[in-house]
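The values are calculated or read from the model by the stated rules, or taken from the named source; none is laboratory data. Computed from a prediction, not measured in an experiment: that's the story for all the values here. Cβ: placed from backbone, ideal geometry, glycine included. Neighbour counts: every protein chain shown.
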Amino acid sequence: MARHRGPFDPPPLPIAALIIPSGSVIAGSLLTLLPMIASMPLLPPFGFMMLIAWRLARIEALPVWSPLLLGLIDDLFSGQPFGNAMVSWTVAFIVIDLLDQRLVARDFWQDWLLASGAITAYLLFGRLMATPLQAHVDTIVLVQIVVAVMLYPIVAQVISWLDRRTAAVAT
């Protein structure tokens, strides 16, 4: 049975406002498919960075259950053990939601700090799940963390541009 909309209920979102956030996260996850020649893996987790940037920019852009499905798509293309992104993206989403309830107001520096902590935890969790502890990959993971944290402001700018485009479509 369809629910009747009241006079003060917000109008339903157009389909573009629902597709652009999840589509940009999927596009970030698919960047790992680009053929790149590198001596060590320095490509940051762009899908995760897009997810965190959308969550910090606009809470209602992605549903609460979306990290699970978007993590599944990332797991299919990233080469990490299956379920790694599903678990870590969902946990990061929940932790950021809990921290967001405690913070009264946020600015860009706090968003960058939250994103840096989430990116660091995600990459360290992926290192623990994907490689044995005896593997000497800690320096590479540290460099990847630094690259990802330094690229986060660019990802946040792309998300804010997409958010403005989504708002223009919605009106």
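Please enumerate the residues belonging to the range 24-38 that are surrounded by 10 or more Cβ atoms within 10 Å (Cβ to Cβ) and not in a helix (DSSP H, G or I). The answer is M36, and nothing else.
Counting the residues of the range 152-171 that are modelled with pLDDT of 95 or more and either among the basic types (K, R) or farther than 16 Å from D111 by Cβ (or both) gives 0. Consider the range 43-67 and keep the residues that are surrounded by 15 or more Cβ atoms within 10 Å (Cβ to Cβ) and among the charged types (D, E, K, R). The one that is nearest to T120 (Cα to Cα) is R55. Residues that are surrounded by 19 or more Cβ atoms within 10 Å (Cβ to Cβ) and among the charged types (D, E, K, R) within the range 68-116 comprise D74, D75, D111, listed in sequence order. Considering only the range 52-64, state which residues are more than 10 Å from V155 (Cα to Cα) and under 8 Å from the mean Cα position of the chain (by Cα). Of everything in the range 52-64, just one residue is more than 10 Å from V155 (Cα to Cα) and under 8 Å from the mean Cα position of the chain (by Cα), namely R55.
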